[in-house]
Every structure is written in structure tokens, then in C-alpha cells.
1. Can you tell me the orientation of helix A:129-149 relative to chain A, as the angle in degrees between its alpha-carbon axis and the longest Cα principal axis, to the nearest 10?
2. Ratio of alpha-carbon Rg to the 2.2 N^0.38 Å globular estimate for the range B:1-151, to two decimals, please.
3. Just in the range B:293-379: which GluC sites (Glu not before Pro) are loop by DSSP and have at most 14 other Cβ atoms within 10 Å?
4. I'd like the per residue volume of the convex hull spanned by the Cα atoms of chain B, given in cubic angstrom.
5. Could you tell me which GluC sites (Glu not before Pro) in the range B:178-226 are loop residues by DSSP with no more than 16 other beta carbons within 10 angstrom of their beta carbon?
6. Convex hull over the Cα atoms of the range B:572-626, averaged projected area in nm²?
7. With a point put 7 Å past each Cα toward its Cβ, work out how far residue B:111 is from residue B:300 in nm, to one decimal.
8. Would you mind checking B:77/B:625; A:114/B:373; A:129/B:437; B:406/B:625; B:414/B:573 for any pair whose Cα atoms are more than 31 angstrom apart?
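Just so it is clear, none of the values below were taken in a lab; they were calculated from the coordinates. Being a predicted model, the structure only gives us computed values, none of them experimental. Here the Cβ positions follow ideal geometry from the backbone for every residue, glycine too, while neighbour counts run over all protein chains shown.
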Amino acid sequence: MRARSQRAWLIAIAGALLAGAAVLVFNSLGDNLNYTRTPTNMVQDSVPAGTRVRVGGLVGVDSILNGEGAMVHFAITDGTYDVNVSYDGLPPDLFDEGQGIVAEGVVLPDGSVKASRLVARHDENYMPKEAYDALKDAGGEDAARAAMYSREGAAK
Amino acid sequence: MIAELGHLLTVLAFGLTLLAAYHGFSGRDELAARAMGLSAVAAIFGLVALVMAFIRSDFSVELVARHSHSLKPFFYKIAGAWGNHEGSMLLWCVIMLGYGAIAGAVMAPGRLKARALGVQGALAALSLAYLLFASSPFTRLADPPLDGNGLNPLLQDPALAFHPPFLYLGYVGFSFVFSIAAAGLIEGQVGREWARRVRPWALFAWSALTIGISLGAIWAYYELGWGGWWFWDPVENASFMPWLVGAALVHSLIVTQKRGSMAAWTVLLAVLTFCLSILGAFLVRSGVLTSVHAFALDPERGALLLAGLVIVGVFALGLYAWRAPKLEAGPVFDPISREGALILNNLFLSVAAATVLVGTLYPLVVEAVSGEKISVGSPYFDMTLAPLMAILFLAPPAAQSFAWRKADLTPVLKRLIIAGALAIAAAGATFILLAGKLWAVLGVAIGVWLIAGTITDLLRRIGGGGVARAFALSASIWGMTIAHIGLGVFVIGASVEVNGRVERTFALMPGETAELDNWTFTFNGVQSDEGPNYFSQVADITAVKGRREMQLAPQKRFYPAAGMPTTEVAIRKSLTGDLYVALGDEVRGRPGAWTLRVSFNPMIDWVFGGAGLIALGGFMAFASKRLRQRVEVDDPITVEPDLVAEPAE
């Protein structure tokens, strides 16, 4: 009898905890998803303003502009279409024209992205997955590989 | 020659692990131990050979050519040997065999030892096969370059040189916990004595993992230049999941050792922890998830690691399903008891690990099901873990003085009135200092509650005995006390740092000033400089707050060998926190103007200090003499709260 009541309260506590955790997970998971989009998706499918996205590709050549304060504006391209991005902060070390980049942020009404985080490659062999995929979708595997191993952007 | 020698030694180690596995599974513990020891020696010399190739800058070895450079500082030539995929896999194998060899030397003879060494031998054989056939560090180049690519400059850092060894002492240390767990299941010996024998391995591995993760966080804090120390990146989650389940394991082992209860659950945690370590290796090395600091994309290696995970997982869970139902349940206990509290700890830690797992793997599941590519933002992890941990951390001060089987709550709570009052006072003070930051207020209250409550429990144990009694307390009691105080320190630091951090980014011309949080920063310009293997741009910044004035010199470096720029932040420490300045780039179209990121990170040292105390506590419990004493079959099951004094030897 004692052993059975012990099992009963153990199951009750575990069940309550799992239910609580499930509520937490479902409440916060949906609100914190970032949808991965290529520049081509962004332009062709007109993603609604306010959507949280991750856009990958290369930083467009001659597209980087410094704005007010430390604001940075640039374009992400997959070779076919461009998306404008603005970011208030210091970009990562390997942020440069022609380099792979992923911008995470919110879509603005004009279709540009206000980034809250930038992820760049972190060494000569690596390119963020979304950037690589976007280039592959637009220009094929070879173009993506060529961009991945290109060191021109960093070796100024 | 040296690369071929290294390769040969690794092949030899592989053969010897097969021999160890064979002898182990046949029940010959002495022979298995000897084979394991020799295999470890061979693998260690294999690693030495690789390090020698790095020291000599032998660029005919592909790995050296890709990751080293003749002008690299000597220390980083050595550390560079494991700062890459292949070298770190060799380190993984060496540490796995090292644990096996030490176990072969120190474990009491018998069938449990034989089986454990057998399983460890099989795990090591899998790892070495993966190393030799899919990621050999000893491959030669037909056409060696004149100089190497250089180690990724971000990795040329003392914290990161020691990060992999400690991380693997933890990650891979759980392989031996796995091996004894599997051996216990095979032998039907999962019980009190088994738990006593697993505990030191689990404590050591978990403490080392704590240090490894902390070193990674410290590195991220000052090297990446973003000012944060934890980003919920998949790679971080990969190390955090085994840490959470390992934390549950070191607690549930106590119940199984002292009371004989929860044996089935404990052994499940013991095998799952190492499965999560392999899952981590898969996530980090396969490139399936976007991460700021992953290894290069390589789906083929990923597939092999996934296959390894499936083999190990199916073996362990199959064994578990077959044997666990036969394990004894142990004596019954009340919800309010030491056992009840430790079960609550385990439920919370496992559920926390599960929520991290959901957030980490959800993108893979969604992509597999719908093709939609998503990622989970870091607020998800904060929002799910913070409430779970906030509730869990209320328990330790009370639970530490619970009796086994059935505890009386009233006297325990009465003793904790002062600790509760201190927590409320600290919450009030935080509310005034950091108005409106509710999570900081809650965090400080919980942290103070943990520290004051743990000290209250320590004083109860010392009683009127004074210093002599304090020194007579067992090392495991001191370990628990220090670890729980460390947890309190960490919680205070983390909640104040994350919620109280202020930061701004500026673009300044020389002579211009900017303000942040009563500090005034004057930018005096940038000068060029040169290091052993890099060029740098050094900014000169004067920071003034009241009568305090300081000079900061953040740098931007360029490493020509790797073709990579890095940020070297300037940090000024004070009792209340760090002033942190990172130099960005020269502003396009405004020559002479540079971007700067300035932040004040309050109580950041409490974050790392708290983590260090947690690891220290774990190591102290590991060193406890009590763990070295056999539990006999007819030993009475512990009923009283822990004995105060170390039993006489």
C-alpha cells in the first residue's frame, strides 16, 4: 500500500511538472521562431512586415553604407535578388563585401530587414549554413562552393 | 616519419582496444586492464607525435599545413594540435582510453570491472575507427606548401587552448560512467555498491565539464567582442544538455548509494549522459545547425557520428529495457524527505534538459517534416529555463537538512527564517538599484537564499563543535556546500549581468566624446602596431566617471596567414563589474572616424566565479574518502542525515 501511494505521488509530481514545462515550451516556442528565407524568397513571396526571419547570402559588393551613429546598411544577395539590411551595432569581424552572412531580425514594411544579430563566417573554411543554402538555391552547388572558399573579401 | 609513427601508434591503439573489449567481455579483468593501459600509452604517444609535427611545423602533414604556421607562438603550435576536427577527435580517443586505463589500475577486481573495461574498449574502438577511417590527423600532402594557413586567430587564446581538454575530460569522462552502467546492467549489479563505484567518475567528469563550459564562456566574453557570455547557440546547448543530465546524475547517485532507491532511474541517467555527449559531437561536427562556432560543414562525418550515436543508444537502451525491470525498487519514502527532494531535483533538471533538447532539435524536425527552415531564438531558452530553475533553486537550503525517508519540515523552515529575511532584503535592495528589472530582483533573492541557506545548513552540521568539527566534516559535505554556494553566486551574477548590462555603439571622430551610464568616453584616435604574426590598429580612449579616469586601448587585429581580422577588447575590472570597449571598423566615407561598442557588464566575475565554485565543490566531493569505502551487502541503509564526521580509517 505504501509503495503504491509513493508511486502515485511521484507520478502526480512528474505529470504536473511535465504539463507545466509543456505549457512553457508551447508558449514561447511559437513566438521565438525565425524563418529562414533566401533573398529570392524575400522578393518573390513578399514576406509580411513583422515576420522574424534569418536571411542568408553574400554581402553585396559596394553595398555597405555607414549611417547615423554606428548604423550599418548593406544588401544581402544570392546572386539573383538583393535584400536591404540595417543593423545598429558592431558587425562581426569577418563582415565584409562578398562574404557569407546571415542576418537575423524583423521584416520592415518596405521589405528590408532590421537585423538584431549578424552571423558571419568565422574562419576561412566555414560559411553559415543559411548563406550557403541561399547561394546553392540561386546559383547551384558550384557557385556556392566557389563563394565559400573565396578569400578575397577578407584578404584586403 | 613522425606522422607515420603517429598513425602506426593509433592503429596499434585500435588493435589493443579490440583486445581489451574481447578480454573484458570474456570476464578477464586483468588482461582487459593491461590491454587498455597499453592502448592508452600508444594513443598518448600518437598524440605526442601529432604535437611534434605541429611544433616542427611539418607542413607535409595536411593538418599542420591547414591549421598551423611557422610564425605562430610556440604555445599555440601545441594547442593548435587539438584546435581542429581531426586533432580534437584524437584527443577524444586519448581521454577515453585514459579513463579506461585509470579504471583498469584502480577498480577493484571482479566481473563488474571486466565488463566495464569491455564496454569502454568497444566505445574506444568505435572512436578510433572513426578517427582512422573518416578523420585521420596524420594524412600527408604530396605537395607540401612553404608555410601553413595558420591557426584561426580567434582560437589563439589561453582560455581556448585549455577549453577542449577540459570539455573532453567531462564529455568523454561520461563514457566510463556509461561503461560501468552498462556493466552493472549486464551483471545485474546495479545497487548501492555499484552507485558508490560510479559516483567518483560521474563527479569528476561533471566537474571537468563545468570548467570546460566556463572556459568557453569566458573566451566568448572577451574574444568575440559581443560582451555576452552565453548565446544559446546549438554548440553551447550541445555541452549544456549533458551537463544538466550529469547534474541530475550526481544527485540521484547519492540516493541509490545511501538508500538503494531509484536504481533504475540512476542507471538510465548514467547511460543517457554519454549519449547526449555523442549527440553533442554530432551537432557540433556535422554542420546540420547554424552555429557561430561550428567546425567546417561535413555531412559525411555527420552521418558517421549519427550512426555511432544510434549504435551506442540502441545498445544501451536495449540493455536497459531488458535488465532494468528486474532492479529492486528500494525502501519507500515520504514526499518530504531527502529522497523526495533529490527526486524533485532530478525531475526539474531532466525536464530542463528536455526543453533545451526540444529547442535545439526542433529546427531539424520541422525541416524534415515540412521542409520549412527555421531557427529557435534565444528568448525561447530564457523563457522556459528561467521559471524551471527559479522553482528548483528554492529547494536546496531546506533539502540539505532533510532526514532520509521522512523529514520534519517545520524545524527546517524555522532555521531558515534568517536566510529568507536576507533574501527578501537583498531583493528590496536590488529593486531600488535596478528599478523594474524583475528577473534581476528574483535572481538576487534566489541567489542570496541559496548562499545563506547553505551556510545555515553548514552551521547546523558544525553545531557547537567549532573549528575542529568543521574540519572533521567529510569532503563530500564541504563539496556540496561549496557547490551550492557557487550556484547562488552564479545566479546572482547571471541575473544582474544579463538584466543590468548597459551598452551602446558609437561612431566617433578623434577628439569627439560619447556618454554611457555616467561615463564619458573621449576617442583620441587610432594608431598602427605590429605583433609576432599580426598587424593591429590600436585605439586610444579616455574614460572618465567622476574622479576616476582610465585609458583603454581596444584593438582590431589582422592575421595575414589566415587572412582574418579579430577584435581585441579592452576590459577594465572594478568591484562592481567590467567596463568593456570593442573597436569596430573605420567608418566608410568618414576618414578618421571609427565605430566603438561600449558596455558596462555588472557583476560579470560572479558568473565565472560561481561556475568555478560549482566545479571546485564537485572536485571536493570526488576527493571524499567516504566514496572509497565499500558498501557491504549487509550494511545498514542510511537513515540519519549525513554522518557528521569522516568515519575512522
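1. Taking the Cα atoms of chain A, the angle to A:129-149 is about 50 degrees.
2. So the Cα radius of gyration is 1.12 times the expected 2.2 N^0.38 Å.
3. Here the sparse-neighbourhood loop sites are B:328, B:372.
4. Working: hull volume 116.0 nm³, N = 649.
Measuring per residue, one finds 179 Å³ for the Cα hull of chain B.
5. Working: sites: B:187, B:193, B:223; in loops: none.
Answer in residue order: no site qualifies.
6. The number I arrive at for the range B:572-626 is 5.7 nm².
7. Distance between label points: 4.4 nm.
8. B:77/B:625; A:129/B:437; B:414/B:573
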